[in-house]
Amino acid sequence: MSQRMFPAATGRVPPGAIGHNRGIVRPNYAFMPPEGVLVSRLPQYQATVARILAAPVLGASFAQYVLEIAPGGGTAAPFAEEGIQHFFYGLAGEASFGLAGDAPKPLAAGGFAYLPPGTPFSLRNETAETVRVLALRKRYETAPVLAVPEPILSHQDAVPMTNHTGMEGRGFQFLLPYGDMRFDFEMNLMWFKPGVCFPAVETHVMEHGLYMLEGQGLYLLGEDWHEIWARDFIWMGGYCPQQFYPTGQEDACYLLYKNVNRDIAL
Ligand code: UGY
Ligand code: MN
């Protein structure tokens, strides 16, 4: 029997890798720890790994990614898509973001960009460190009378922390103008003191893409609780029962996509 020559390597599968997995995919929700989300590459990006978190094949009506852009990488040329909105949020490092033909500006951690459909952008890494950016694409749902929104390039530090619930230990940063009917989705930073859950299990028509930024907790999806911490992702389809119970000692924060402001298509 001939001996096959495998390339030399020293890596070993860690204990628990077989048969122990926090990830779960159900018809109307998915819990995705980062270790299982494999590498994709996309034609519009050079030297960039895309971790695709949400896609129509999962049941989502939007697409969400973590982009890992190597030094010198990013869009090869300005990129735009007819009918599709883009949203970006800086996770780590500093990207150069060119909005609608303007000169590139820094997009650091906590920085964000909104692009209405058909708006060209460039996203590049001109630094020596890998840049991590959360990206989202959604087809724009037009509404009679309403104009398409303008592009936005800003930072979460410029967005006030509000709390419409009156519940102690809660904080909200609505990165896109709250209540502006031209927008068909929200991107909200949801802040929680440890132990402060929302007052009821939610069951609503809106869909979510949740990216955990800070802290830890337990997340109810359907009938099951899942332990969640930074870098985990959850997709929640319409009417998925949901509740968050923050644990640990630190504040918890996640960035939440939510489709809003449009009537039901019949
Ligand atoms: O606004 C929301 O729908 C939010 N409370 N949901 C969530 O955090 N899962
Ligand atoms: Mn919700």
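How many of the residues making up the stretch 160-176 are crowded, with 19+ Cβ neighbours inside 10 Å and not in a strand (DSSP E or B)?
The total comes to 2.
Can you spot a residue in the stretch 190-204 that is under 30 Å from A147 (Cβ atoms) and in contact (Cβ under 8 Å) with a residue 24 or more places away in the chain?
Kept after step one, since they are under 30 Å from A147 (Cβ atoms), are these residues of the stretch 190-204: 190, 204.
Now narrow it down to the ones that are in contact (Cβ under 8 Å) with a residue 24 or more places away in the chain: 190, 204.
Within the stretch 190-204 (the criterion being under 30 Å from A147 (Cβ atoms) and in contact (Cβ under 8 Å) with a residue 24 or more places away in the chain), the answer is yes, since at least one residue qualifies.
What number of residues in the stretch 227-238 are more than 15 Å from ligand 2 (Cβ to nearest atom) and either open to solvent by 20 Å² or more (accessible area, probe 1.4 Å) or among the small types (G, A, S) (or both)?
Total satisfying the criteria: 4.
Please go through the stretch 239-255 and give me each residue that is surrounded by fewer than 20 Cβ atoms within 10 Å (Cβ to Cβ), farther than 14 Å from V196 by Cβ and within 11 Å of ligand 1 (Cβ to nearest atom), ordered by number.
Result: P241, Q242.
Limited to the stretch 209-238, what total is found for residues that are in contact with a Gly (Cβ under 6 Å, 6 or more places away or on another chain) and near ligand 1 (Cβ under 10 Å from one of its atoms)?
Number of matching residues: 0.
Give the residues of the stretch 1-49 that are in a loop (DSSP other than H, G, I, E, B) and within 19 Å of G209 (Cβ to Cβ), sorted by residue number.
Across the stretch 1-49, the qualifying residues are R22, G23, P27, N28, P33, V37, L38, L42.
Identify, please: which residue in the stretch 177-189 is within 16 Å of ligand 2 (Cβ to nearest atom) and open to solvent by 10 Å² or more (accessible area, probe 1.4 Å) and is, among those, farthest from the chain's Cα centre (by Cα)?
Within the stretch 177-189, the match that is farthest from the chain's Cα centre (by Cα) is Y178.
Can you pull out the residues in the stretch 192-226 that are farther than 17 Å from I24 by Cα and more than 15 Å from ligand 2 (Cβ to nearest atom)?
Matches in the stretch 192-226: K193, P194, G195, V196, L213, E214, G215, Q216.
Conditions tested, residue by residue: (1) within 16 Å of ligand 1 (Cβ to nearest atom); (2) at pLDDT 95 or above.
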position: L146; (1), (2): no, no
position: I152; (1), (2): no, yes
position: Q173; (1), (2): yes, yes
position: Y178; (1), (2): yes, yes
position: L189; (1), (2): yes, yes
position: F192; (1), (2): yes, yes
position: C197; (1), (2): yes, no
position: T203; (1), (2): yes, yes
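Look at the stretch 78-126 and say how many of its residues are open to solvent by 10 Å² or more (accessible area, probe 1.4 Å), free of Cβ contacts under 8 Å to residues at least 40 places away in the same chain and farther than 13 Å from P151 by Cα.
Selection size over the stretch 78-126: 8.
If we only count strands (runs of 3 or more DSSP E) wholly inside the stretch 183-260, which ones have 2 or more residues that are among the aliphatic types (A, V, I, L, M)?
Correct list: 185-192, 208-214, 216-221, 233-236, 252-259.
Among all residue pairs at least 6 apart or on different chains, which show Cβ distances below 7 Å where the first residue, located in the stretch 241-266, is touching a residue at least 40 places away in the same chain (Cβ under 8 Å) and the second is β-branched (V, I, T) and more than 11 Å from ligand 2 (Cβ to nearest atom)?
Qualifying pairs under 7 Å: P246/V196.
Could you list all residues from the stretch 7-65 that are touching a residue at least 24 places away in the same chain (Cβ under 8 Å), under 18 Å from G237 (Cα atoms) and open to solvent by less than 30 Å² (accessible area, probe 1.4 Å)?
Within the stretch 7-65, Y29, A30, F31, P33, L53, A54, A60, F62, A63, Q64, Y65 qualify.
Could you pull out the residue among F198, F185 that is closer than 28 Å to P56 by Cα and of a type in the set (A, V, I, L, M, F, W, C)?
The conditions single out F185.
Would you check which residues across the stretch 127-140 are in a loop (DSSP other than H, G, I, E, B) and surrounded by 15 or more Cβ atoms within 10 Å (Cβ to Cβ) and list them? Talk me through it step by step, then tell me what you get.
First, the residues of the stretch 127-140 that are in a loop (DSSP other than H, G, I, E, B): 127-130, 140.
Passing the criteria: T127, T130, Y140.
The values are calculated or read from the model by the stated rules, or taken from the named source; none is laboratory data. Only a predicted model underlies this, so the values are computations on that prediction, with no experimental measurement involved. Every residue, glycine as well, gets a Cβ built from its backbone with ideal geometry; the counts of neighbours run over all protein chains shown. What goes into the accessible areas is simple: the full protein's heavy atoms, side chains included, and nothing from ligands, DNA or RNA. Shrake-Rupley method; radii C 1.70, N 1.55, O 1.52, S 1.80 Å.
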